[in-house]
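See below for the structure under consideration.
The values are calculated or read from the model by the stated rules, or taken from the named source; none is laboratory data. The structure displayed is predicted, hence computed values, not measured ones. Cβ placement follows ideal geometry from the backbone for every residue including glycine, while neighbour counts extend to all protein chains displayed. Only protein heavy atoms, including side chains, enter the accessible area calculation; ligands, DNA and RNA are left aside. Shrake-Rupley method; radii C 1.70, N 1.55, O 1.52, S 1.80 Å.
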Amino acid sequence: IRVSELVGLMVADLDLPGEALHVRGKGKKERVVPLGSHALGAIQKYIEMLKADAKFGAMVRDNAAGIPLFLNKHGGRLSSRSVRRKLDKYLKAVGLDPTISPHTLRHSFATHLLDNGADLRSVQELLGHQSLSTTQIYTHLTNQRVQEAYGMAHPRAQAS
């Protein structure tokens with residue numbers, strides 16, 4: 001999801017039994033985004049930590065559905081800038097490329113789906129793109145990888 005969608009999530013947008021998030025995207029369009037087991041487990045652990053926290057516990061228990069899903073240290077909504085700072089901190093800690101952005105992760109998600117056989121229409125729906133042509137940008141990278149794999153693996157692909 002987009003960072004703006006992430007920071008706009010409310011606890012009520014989390015569908016634990018359905019293993020999904022109800023996301024409001026650009027133009028207030030809503031979509032359902034599935035949660036993988038790792039993300040689901042991390043979110044459940046995060047909510048349990050909030051409930052156990054003396055500072056946030058009562059707020060989360062008493063008004064869970066009506067509060068933002070991701071809170072800052074003051075109990076307010078996490079900002080897009082805060083997400084970027086957290087990502088920068090963890091990229092540095094594990095020695096990854098510091099130019100990776102939240103949007104890079106979204107881009108990688110789309111590329112991995114396409115590389116592993118997902119159809120373009122499904123990827124469009126998951127990303128919340130209104131136009132299929134916006135999603136097709138990601139196919140360029142996938143087609144390029146197919147060409148490279150073909151060039152390296154097929155004996156007739158090599159120039160004489």
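For I47 and D115, FRET efficiency with R0 = 30 Å and r from the beta-carbon atoms, rounded to 0.05? Write down the numbers at each step before the final one.
Working: r = 32 Å, r/R0 = 1.08.
Calculated transfer efficiency: 0.40.
In deg cm²/dmol and to the nearest 500, what is the mean residue ellipticity at 222 nm of the chain if only DSSP H runs of at least 4 residues count, each as -39500 (n - 2.57), divided by the residue total? Present the calculation step by step, with values, prior to reporting the outcome.
On the way: 7 runs with 87 residues, N = 160.
Helix-only estimate at 222 nm: -17000 deg cm²/dmol.
Enumerate lysine pairs in the chain that are 8 or more residues apart or on different chains, then count those whose Cα atoms are under 28 Å apart.
Count of close lysine pairs: 20.
For the chain, which semi-axes, largest first and in whole Å, follow from the square roots of 5 times the eigenvalues of its Cα gyration tensor? The partial results should precede the final answer.
Working: eigenvalues 267, 69, 39 Å².
They are 37, 19, 14 Å, listed from largest to smallest.
Of the options M10, N72, P102, report the single residue whose Cα projects farthest towards the positive end of the charge dipole of the stretch 8-158 (beta-carbon charges: Lys, Arg +1; Asp, Glu -1).
Of M10, N72, P102, it is N72.
For the stretch 1-154, which whole percent of the accessible surface, found with a 1.4 angstrom probe, sits on carbon and sulfur atoms? Could you put the intermediate results ahead of the total?
On the way: 5730 of 9840 Å².
So the carbon and sulfur contribution to the accessible surface is 58 percent.
So, for the stretch 46-146, what is the accessible surface per residue at a probe of 1.4 Å, expressed in square angstrom?
Values: 6480 Å² over 101 residues.
Solvent-accessible surface per residue comes out at 64 Å².
At 15 Å minimum axial length over the Cα atoms and a Kyte-Doolittle cut of -0.5, report the qualifying DSSP H helices in the chain, or say none.
Working: long enough: 37-52 (22 Å, 0.21); 80-94 (22 Å, -0.92); 102-115 (20 Å, -0.39); 132-153 (31 Å, -0.45).
Passing helices, by number: 37-52, 102-115, 132-153.
Only Lys, Arg, Asp and Glu count, each charged at its Cβ (+1, +1, -1, -1), so figure out the dipole size of the chain about its Cα centre, rounded to 20 debye. Display every interim value, and only then the final one.
On the way: 22 positive and 14 negative charges, 128 e Å.
The dipole magnitude comes to about 620 debye.
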